[in-house]
Amino acid sequence: MPLLRTACCLSVAPLKLAVRPSRLALARAFQSLPPSAASAKHRSSSADLPSVIIAQFWNDLMKASRAKAALPVIPPGTNPARDESAIRRLLRATMLSRKEHGGGDMLPATLAARCCEFYEALGMDERQTFLTILARDFDVDQAQALAAAQAYISATSESADPNQGAPQNSASVIHRRQLALRAALRPLYEQFFDQVSHLPTGVQFLVSLRADVLTILGTNGNDAHLRALSESLRTKLQTWFGSTAQLELRRLQWDSTPAGVLEMVARYEAVHAVEGWQGLKQRLRGNARVAYAFFHRGLEGVPLTFVMVALVDAMPENVSDLLTDTDPHVDNPTAAVFYSISSSQKGLSGVDLGNFLIKRVVRELQALRPTLTTFATLSPIPRFRAWLAPALNEARAGRGPPLLLDGEGTIADFEQALEQGDLTSVKPTLLRLCARYLLVEKKRAAALDPVANFHLRNGACLLRLCWAGDPSEKGYAQSYGMMVHYSYRLPILHENNTRYLLDGTVAVIEPEHEDRDPAQRAVRWAVEEGGARVQMVSGCESSERARL
């Protein structure tokens, strides 16, 4: 439903208008319509009035307001989508306070809705112009911020100066200066976010708007103003979405979940693509496959993030076994394997939902299947190959650490085996380098691999590598088909999370059977290479059933 149309449904305080809009405004607008539109009016209820009538109604309402001088005026014959001054006037009017609008809630909501509909009608190039103006021209007012900072410094200096005798400024004065400084450091576009968020579909609009910002930054990441706007909006979205009290967990089921929701799950599944309805049905059928999603009232009917879980009696080494099982059925499963976690909203990138989702699903599964004692993932390693190629080049040039050990041959021979697809001949070396990538390579203090960082930040332990865990074309392109298990040991989740966030310490399940398992030998080598930043955890599964 268009934002402008839904603004009619807002429950608001009485308007303080100089002239109360009457039905005459609607009558004039109706009479100006062509016969086809006029006849459509008789077939529709008032809630379905043609948008042109509603637009005319709002125009009359705005003309009646005492704030009409502040409303944007677009000169006849101009294209507002390409007129930067018109965009500025529209945004500036949207950000005015209630007092500046003459009081009441209806007019600010109307202007915000008009601005949103204007934006939604733009092409991507015009949206970039709109967003650049919003980010650049409605950022922090530097002169106002400087004046507020000087006033605060002056107030605190006079209060603390022993030569002044009695304090010149009371604590209340300093507090007022502090509040004024905080307000001055707030970007003006945050007022736009706040106004829009109160519209019926405003939160959904802001999520889509941030998705556009991220798309633009993907090709022009040097725009500091847009980066700041994106981070500001991410913080707002984290406040609105980052609380379990505001998120509703629902189980996704083939027989009862609305088809529209299932379609979105199939479309946005980012880890292992779903091949048609039958492929999705296969992941939701049987007693050994479950899926859950988070929903939010701001985006009704949209699965924000969702997870797919296999209930098994033995840890799988290959994801294909999970995806191709036509009749998954386990009476007394002992392990829950999270093999896919995806998000449907690009605009919520950086908003931490997956952490809450895993913990909530663990609670649900403990109640659903009491025999479960192990909770782990079978995760991709999406950027291993992207790291390996330049790392080998650096090592060959002598600029990086020597990646190959004595007895592993030359870099040229290793690369030739990879190019020829002869992975078996370099299996121990490839596993060791993958373990190094996951446990030793860092981006600042965090794991370089984004999936590893996600699970380790949540308190998981690295369990073991899986050779040929994903034989698909995508798996080979990402990591030569290797995958990794992360174990969620419930009693130590919080401790692992705390250590990782403090200094990047990674928890690793102590490798076993190293004499006959090259994957475990690779993990052991990486543990020793990582030194104090790797914490070994006993491989014995705790019997404690800790509550998350």
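The values are calculated or read from the model by the stated rules, or taken from the named source; none is laboratory data. Everything numeric here is computed off the predicted structure, so don't read it as measured data. All Cβ positions, glycine included, derive from the backbone under ideal geometry; neighbour counts span all protein chains shown. Just so you know, the surface numbers come from the protein's heavy atoms only, side chains and all, with ligands and any DNA or RNA stripped out. Shrake-Rupley method; radii C 1.70, N 1.55, O 1.52, S 1.80 Å.
Observations on the model:
- Rolling a 1.4 Å probe over the protein heavy atoms gives the stretch 393-548 an accessible area of 49 Å² per residue.
- The residues of the stretch 256-318 have, on average, 40 Å² of accessible surface per residue, using a 1.4 Å probe with all protein chains present.
- Note on A149 and R363: with the Förster distance fixed at 56 Å, the Cβ-Cβ geometry gives a FRET efficiency of about 0.75.
- Geometric descriptor of the stretch 282-398, per residue, is 150 Å³ (volume of the convex hull of the Cα atoms).
- Exceeding the 28 Å Cα-Cα cut-off - candidates K346/K443; K236/K281; K281/K442; K281/K427; K359/K443: K236/K281; K281/K442; K281/K427
- The charge dipole of the stretch 179-255, taken about its Cα centre with unit charges on the Cβ of Lys, Arg, Asp and Glu (plus for the first two, minus for the last two), comes to roughly 180 debye.
- Measuring nothing but protein heavy atoms, the accessible surface of the stretch 255-342 at 1.4 Å probe radius is 47 percent carbon and sulfur.
- Each Lys and Arg Cβ is given +1 and each Asp and Glu Cβ -1; about its Cα centre, the stretch 358-419 then shows a dipole of about 700 debye.
- Per-selection metrics, the stretch 437-536 (Cα): Rg and Dmax in Å: 13.3, 37
- At q = 0.15, 0.21, 0.23 Å⁻¹, base-10 log of I(q)/I(0) for the stretch 161-255 (Debye sum, equal scatterers on each alpha carbon): -0.79, -1.12, -1.21
- Per residue, the Cα convex hull of the stretch 344-390 amounts to 120 Å³.
- Ligands, DNA and RNA left out, the accessible area of the stretch 429-548 computed with a 1.4 Å probe is 49% carbon and sulfur.
- Dividing the convex hull volume of the alpha carbon atoms of the stretch 313-366 by its residue count gives 118 Å³ per residue.
- Distance between the C-alpha centres of the stretch 263-330 and the stretch 424-442: 29 Å, rounded to the whole angstrom.
- Unit charges on C-beta of K, R, D, E only; dipole of the stretch 252-382, Debye: 420 debye
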